[in-house]
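Peer 1: Just dropping this structure here.
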Amino acid sequence: MERIGTRIKRFREIKNLTQEHLAEKLGISQNSYSRLESETVKISTDRLKEITQILDVPAEYLMNTDAPVYNFSNNASIKYAGQIENIYDDQKELLHKTIEILEIQLKEANEDRKRLLEIISELTKQ
């Protein structure tokens, strides 16, 4: 079971962002941001919301410390383009198409998750 600060750090690293970058976006010092990741200070719900927006990650994925960490970037093909350069041309196209399909499936899965959360919310209101 990971701590929330560790999960924030992992998602930040997936996005190739520095602590300095997030600190700047949050309007705090890098030292203050570091304390959020190390959990030497408590993360407020407002601050958590800001972090999820910057990282473009659903809050549930930061708070559910038992769930695996996924890259929710819609630009996975851009991130891995440098690694694709040494692959033969016919394999590159296949790999790009595979990544596109996986990105579509991820988007659909996120939409399904949102619908399920809405249904659960409605059911718990009754």
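Peer 1: Has region 65-84 got any residue that is loosely packed, with under 14 Cβ neighbours inside 10 Å, β-branched (Val, Ile, Thr), at pLDDT below 90 and assigned by TED's automatic domain parsing to the domain that holds residue 6?
Peer 2: Yes, because at least one residue in region 65-84 is loosely packed, with under 14 Cβ neighbours inside 10 Å, β-branched (Val, Ile, Thr), at pLDDT below 90 and assigned by TED's automatic domain parsing to the domain that holds residue 6.
Peer 1: Are any residues in region 85-104 hydrophobic (A, V, I, L, M, F, W, C) and either at pLDDT 75 or above or loosely packed, with under 12 Cβ neighbours inside 10 Å (or both), and if so, which ones?
Peer 2: First, the residues of region 85-104 that are hydrophobic (A, V, I, L, M, F, W, C): 87, 94-95, 99, 101-102, 104.
Matches in region 85-104: 94, 95, 99, 101, 102, 104.
The values are calculated or read from the model by the stated rules, or taken from the named source; none is laboratory data. None of the values given here were measured: they were computed from a predicted structure. Backbone-built Cβ (ideal geometry, glycine too); neighbour counts: all protein chains shown.
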